[in-house]
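One structure below.
Derivation of every value follows stated rules applied to the coordinates shown; laboratory data play no part. In this text, all values refer to a predicted model and were calculated from it rather than measured experimentally. Neighbour counts are summed over all protein chains in view; Cβ atoms, including those assigned to glycine, are modelled from backbone coordinates with ideal geometry.
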Amino acid sequence: MTNPTIYILGAGNIGKYVAHALATHVPSVPVTLIFRKRDSYHKFIAGGRKLTRWVDDQTKDSRSGFGAEWIGRYKKLDCSTHIGNLIVATKGQQTLDPVGFLAPRLDRNSTVLLLQNGMGIQEELNSQILAFQSPKNRPSYWAGICSAGISGHPDPSQPLCPFTFQMAGKGPLKIGPLSESEQIDESHPLCQSLLEASPTLQTKVLDHQQIKLAQMRKLVMNAVINPLTALHRCRNGALRNLERFRALPDEPVTALAAEYRPSFLVAEIGPVVRAALNLPSGDPKLDQAWSDLALLRDVLRLADDTTENRSSMLQDVEAGRHTEIDYILGWIIKKARELGLKCPRGTQNLYHYIKYRKWENGEVLRPTGSKI
C-alpha cells in the first residue's frame, strides 16, 4: 500500500509555510518534517510538534500533529518506510547529503518536489547518489517556485522557538515537471494536496516549458539580488540607489559600487540565460520579455517590493556559512561554458568573491556597503 504521507525535508521558512498550509487545508493527509539537525528535531518534539503562523502581532494560528524525523537516525540503515512524496525545502548546498541518506526510501514510484532557489540540483542528485545513477531507479522530479514572502517571527512566550513564521507578501506556488516527457496529473496525491491548499499556497500547475521559463526568471532575480546584497552588505531596497546613483545611500561613489550594480550583472547573465532557454527566433513578445531591459526592470521591481529584506545570501555570508552561489552564479558560469559562450568575467569574479570570501587576486572579503 502506498504511504500517503507527505514528507518535507527542511523546516526553514518555506518548509514551515507549506507544512502549515497542508495541515490547515488538507488535515487528512499526514505531514512529516525531516530535520537535518538533531537539536532542531528535539526542540520540535519538545514544543509539541507545532508550527505557528503569526497573522498579526496579536493573532496566531497554530497547527500540530506533524510527524518528525531526524536524518541522523537513518544514516546507518539500509531502508525504512517508503517515501512516496518528498518536498525538498532546504537550500541547494544542504540537499545532497540528506537526500542521499533518504535514497533507500525513494524509488521510481516516488515524487520529489525541489522547492529551492537555483539550478542544477537534480543533475547533482542523479550523478552523486549511486541509486539514482540509473534512470530506472530515479524518482520523478518536479520543480517548485514559491513567490510568497515568508519570514521568521519570534514568539514572545518562546523567544527562542524557531517554528513560527509570518507572511511578508503573497504569491503563488508554481509547480511543474523537470522532465520534458512528463505532465503532472492533478489527481496525483501530492499535486492534489497542494491544490487543495490553494487558499493559502495559490498553487499553479505548469507544464515543463512553463516551469523552465519560471525557473530561469527566478534564477535571474536571485543571481542579481542575492550576490549584490551580500557584496555590498545592504538590504534589497538599496539596489535601486546602487543602479541609479552608482552608490548606496549615505555612501560615497566607489569603483566597486559603480561596477557591481544590477544592470552590469544583467548584461552579463542575460545572453547566457537566453541561449540556455533556446527560445524560438522571431517572436517579438519573447524577445521583449527576455531582453536585458525587461530582466533589469523585474529585478529592480522585486528589490523594491522586498525593500527591507536581507537576502539569504547576505545572511549566510555575515554568519560565515556556505551559500547557494554554486547553484546560482555557478550554474550560469557552467552553462556558458557548455554552450561555448564567452564566460562572463565579472560574474565569474563575483562568484569567486562570494564562494571563497575573496577576489581572484587574493584580496579578502570586507564590508563595503551601508551598515545595517
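Would you mind checking region 124-148 for residues with the amide N under 19 Å from a putative spin-label position 7 Å along Cα→C-beta of GLU182?
Residues 124-146 fall inside that zone.
Please compute the modelled spin-label separation between GLN315 and SER291, points set 7 Å along Cα→Cβ, answer in nm with one decimal.
3.7 nm
Quick one: which residues, 5 or more positions from LEU33 or on another chain, have an amide H under 5 Å from its amide H? H modelled 1.01 Å from N in the peptide plane, none for Pro or chain starts.
ILE8, GLY67, ALA68, GLU69
Which value in Å does the Kirkwood hydrodynamic radius of region 264-334 take, with 1/r averaged over all unlike C-alpha pairs and then inverted? It would help to have the intermediate numbers written out before the result.
Numbers: mean 1/r = 0.0708 Å⁻¹.
After inverting the mean inverse Cα-Cα distance, the result is 14.1 Å.
Between LYS37 and ARG108, with labels modelled 7 Å along Cα→Cβ, what's the label distance in nm to one decimal, could you check?
Those two pseudo-labels are separated by 3.9 nm.
Over the chain, what is the relative contact order in percent, taking alpha-carbon pairs closer than 8 angstrom and at least six residues apart?
Relative contact order, the chain: 14 percent.
Please arrange CYS146, CYS234, CYS343, CYS191 by how many other C-beta atoms lie within 10 Å of their C-beta, fewest to most.
CYS343, CYS191, CYS146, CYS234
Quote to one decimal, in nm, the extra length available between ASN137 and LYS170 on full extension: 0.36 nm per residue of separation minus the C-alpha distance between them.
8.2 nm
Taking the alpha-carbon set of region 6-205, what are its Rg and Dmax in Å?
Reported Rg and Dmax, both Å: 16.4, 52.
ASP305 to VAL55: FRET efficiency via 1/(1 + (r/R0)^6), r the Cβ-Cβ distance, R0 30 Å, to the nearest 0.05?
About 0.90, to the nearest 0.05.
Please determine, in degrees from 0 to 90 and to the nearest 10, the orientation of helix 345-356 with respect to the longest principal axis defined by the Cα atoms of the chain, where the helix direction is its Cα long axis.
Its long axis makes an angle of about 50 degrees.
Calculate, axis by axis, the spread of Cα positions in the chain along the three principal axes, and write the results as whole Å, longest axis first.
60, 50, 40 Å, listed from the longest principal axis down.
For LEU341 and GLU124 in one chain, what is 0.36 nm times their gap in residues minus the Cα-Cα distance, to one decimal in nm?
On the way: separation 217, 0.36 × 217 = 78.12 nm, distance 2.24 nm.
Difference between extended and current length: 75.9 nm.
Could you check the simple spin-label distance between ARG244 and GLU196, using points 7 Å along Cα→Cβ, in nm with one decimal?
4.8 nm
With axes computed from alpha carbons, what is the tilt in degrees of helix 13-25 against the longest principal axis of the chain, rounded to the nearest 10 within 0 to 90?
Result, in degrees: 40.
Along each principal axis of its Cα atoms, how long is region 213-356 end to end? Whole angstroms, biggest number first, please.
So the extents along the principal axes, rounded to whole Å, are 45, 29, 26.
Suppose R0 equals 56 Å; then what is the FRET efficiency for ASN278 and SER151 from their Cβ-Cβ distance, rounded to the nearest 0.05?
The formula returns an efficiency of 0.95 here.
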